[in-house]
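Student: Structure incoming, see below.
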Amino acid sequence: MKTQVFKGHIIYTDGPDRFEVHENSYIVVKNGTIEDVCESLPTDYADTPIHDFGNALIIPGFYDMHNHAGQYLQCGTGMTKQLLEWLNDYTYKLEADLADKAYATKVYRAFTRDLLRYGTLGACTFATTSEKGTACLFEAFKEIGIRAFVGKVNMVRNAPDFILEDTDASIESNLALISRYQSDSKVKPILTPRFAPTSSEASLKRLGEIARAHNIPVQSHISENKDEIAWVHSLYPWAENYASVYGKFGLYGHVPTLMAHAVYLTPDEIELSRNENVYLVHCPDSNINVRSGIAPIKQYMTQGLKVTLGSDIAGGHKIQMNEAIVRAIQSSKLLSLSQKDAQISLSEAFYLATAAGGAFFGSVGKLKSGYAFDALVIDDHPLYKDRYSVLDRLEKFIYTGDDRWISARFIEGQLLEL
């Protein structure tokens, strides 16, 4: 049994309401899993070499629960457009080009490397409709070593012909990728209908059947903006609401389910979202960029819904999850001007980006006994170390830090190299 000991200022959130802080403490890791967190090292480990990070911070890695790898090169373009015109003017051509294996490999290697560079140790990501291109994304994640759920995008209507596929081809591609990657320990498939408007009842039905038969999780979008919601109602007039479109076909909590945005959930949709398998993904940057609105995530959390955090690149323009934390707090402050008790705290936002998202992957996202040692070492400026508390230093990293502040990245105790 491999035993490792790490020392530093250990900070994480066990729940959203406060930070757990262990200054100048030790983490004992056995076979990649945390055995103990203690202020003094037990004598049993007296002869174990210590990875002593001195005055640095040790925090959980970040989990980006919604992003589009197929849009990564598009970050920062078309930012004055609304969602549907942005997709048609910028996104679909780029995604079509990523069917080329050589090009997809080059782009996805850059994407996964930048995730790791900025401290994201787990990601749930959309590829494109191309099976071959999506396989390149699986391989890029396996190569870099971080956790991922990778989805081949399923689109059968309401988009340019060059990006669409028929239902049979879509289903066959999903099954092929599931067969190839489901047994991987860190990089796994996730069923990915882009959203209800580019799906059909037949395609959603068959994806739901696959989800239940193979126990594959699901990711999609819900209630991102008002025009989209009206479009869904026109396409599925029988549905009581947007969530019930997915629900009818076994794609809303029947298996672990990620639904991005959720800006305008109705009371009935909130009730449907209480399902323990439903994770709402707040994407504040993209909601601002494409003028969608601000999701009332404090309300959702108070009502017992599971909320996580995503960069949503390229609707979001930054891949860094510390930026997503900041924007979540800032957005909630703006919403609090019109909605009482809407503001979230730093610990709540940090929890969304670490422990809440990590739960979708398993026992990750916390630095406590029984959890994988997936962690970042934050080594900030000596002037900050001398003047500020460890929590002030963490806040400073979240608001002003970048990859240069991250001196080490670990998955299950293994140091990952860029």
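The values are calculated or read from the model by the stated rules, or taken from the named source; none is laboratory data. Since the model is a prediction, treat every value here as computed from it, not as a measurement. With ideal geometry, Cβ positions are generated from the backbone for all residues, glycine too; neighbour counts draw on all protein chains shown. Ligands, DNA and RNA are stripped out before the accessible areas are found, and what is left, the full protein with its side chains, is counted by its heavy atoms. Shrake-Rupley method; radii C 1.70, N 1.55, O 1.52, S 1.80 Å.
Student: Report, in degrees rounded to the nearest 10, the 0 to 90 angle that the Cα long axis of helix 390-400 makes with the longest principal axis of the chain.
Tutor: With rounding to tens, the tilt is 40 degrees.
Student: Along the charge dipole of segment 273-323, Cβ charges K/R +1 and D/E -1, which of Tyr279, Met301, Val290 sits furthest on the positive end?
Tutor: Of the candidates, Met301 comes out farthest on the positive side.
Student: Hey, what's the Cα Rg ratio for segment 101-150 versus the globular rule of thumb, 2.2 N^0.38 Å?
Tutor: 1.02
Student: Return the loop-located GluC sites (Glu not before Pro) in segment 26-117 (DSSP other than H, G, I, E, B) with at most 10 other Cβ atoms within 10 Å of their own Cβ; answer none if there are none.
Tutor: Counting only loop positions with at most 10 other Cβ atoms within 10 Å, the GluC sites (Glu not before Pro) in segment 26-117 are Glu39.
Student: Sticking with this one: Work out from phi, with θ = phi - 60° and the Karplus expression 6.51 cos²θ - 1.76 cosθ + 1.60, the ³J(HN,Hα) of each residue of segment 111-127, listed in order in whole Hz, and give x for Gly and Pro.
Tutor: In residue order, the calculated couplings are 4, 5, 5, 6, 4, 5, 3, 9, x, 7, 9, x, 9, 10, 9, 8, 9 Hz.
Student: With an 8 Å cut-off on Cα pairs and a minimum separation of 6 or more residues, tell me the relative contact order of the chain in percent. Numbers along the way, then the final one.
Tutor: Numbers: 912 pairs, mean separation 85.5, N = 418.
So the answer I get is 20 percent.
Student: Might you work out the accessible area of Tyr90 for me, using a 1.4 Å probe with all protein chains in place, and round it to the nearest 10 Å²?
Tutor: Solvent-accessible area, nearest 10 Å²: 90 Å².
Student: On to the next question. Given the rule -39500 (n - 2.57) for each run of at least 4 DSSP H residues, summed and divided by the residues of the chain, what is its mean residue ellipticity at 222 nm, to the nearest 500 deg cm²/dmol?
Tutor: Working: 16 runs with 148 residues, N = 418.
Calculated mean residue ellipticity at 222 nm is -10000 deg cm²/dmol.
Student: Could you check which residue among Leu84, Leu98, Leu164 shows the biggest mean-square fluctuation in a GNM of the chain with a 10 Å Cα cutoff?
Tutor: Between Leu84, Leu98, Leu164, it is Leu84 that shows the largest mean-square fluctuation.
Student: For segment 314-330, take each phi angle, set θ = phi - 60°, evaluate the Karplus expression 6.51 cos²θ - 1.76 cosθ + 1.60, and give the result in whole Hz per residue in order, putting x for glycine and proline.
Tutor: Computed from phi, the couplings for segment 314-330 are 9, x, x, 9, 10, 7, 6, 6, 5, 5, 5, 4, 4, 5, 5, 5, 4 Hz.
Student: Any idea what the dipole of the chain comes to, in debye rounded to 20, about its Cα centre with Lys/Arg Cβ at +1 and Asp/Glu Cβ at -1?
Tutor: Charge dipole of the chain: 220 debye, to the nearest 20.
Student: Take the chain, connect every pair of alpha-carbon atoms lying under 10 Å apart with a spring to form a Gaussian network, then pick out the residue of Met301, Met259, Met321 with the largest mean-square fluctuation.
Tutor: Comparing Met301, Met259, Met321 in a Gaussian network model of the chain, the most mobile one is Met301.
Student: Over the Cα atoms, compute the radius of gyration (one decimal) and Dmax (the largest Cα-Cα distance, rounded to a whole number) for segment 102-198, in Å.
Tutor: Computed over the Cα atoms of segment 102-198, radius of gyration and Dmax are 13.3, 38 Å.
Student: Within a Cβ distance under 9 Å of Leu57, other residues only, what is the Lys/Arg minus Asp/Glu net charge? Provide the component values of the computation, followed by the final result.
Tutor: On the way: positive: Arg393; negative: Asp379, Asp380.
Within the 9 Å Cβ shell, the charges total -1.
Student: Then there's this: Taking a ≥ b ≥ c as the square roots of the eigenvalues of the Cα gyration tensor of the chain, is the shape rounded (a/c under 1.5), prolate (a/b larger than b/c) or oblate?
Tutor: Note, shape of the chain comes out prolate.
Student: Might you report the magnitude of the Cβ-based charge dipole of segment 348-418 about its Cα centre, with Lys and Arg at +1 and Asp and Glu at -1, to the nearest 20 debye?
Tutor: Working: 8 positive and 11 negative charges, 34 e Å.
For this selection, approximately 160 debye.
Student: Sticking with this structure for a sec: For segment 211-308, run through the GluC sites (Glu not before Pro) and keep only the ones in DSSP coil with at most 16 other Cβ atoms within 10 Å of their Cβ.
Tutor: Hits after loop and neighbour filter: Glu240, Glu276.
Student: Let me ask you something else. Taking Cα atoms of segment 309-367, Rg/Rh with Kirkwood Rh, to two decimals?
Tutor: Rg/Rh: 1.02.
Student: Please compute the net charge surrounding Arg157, taking Lys and Arg as +1 and Asp and Glu as -1 over other residues with Cβ under 13 Å from its Cβ.
Tutor: -3
Student: Related question: So which chymotrypsin sites (Phe, Trp or Tyr not before Pro) in segment 198-288 end up in coil per DSSP with only 11 or fewer other C-beta atoms within 10 Å?
Tutor: Taking segment 198-288 and a limit of 11 other Cβ atoms within 10 Å, the loop chymotrypsin sites (Phe, Trp or Tyr not before Pro) found are Trp238.
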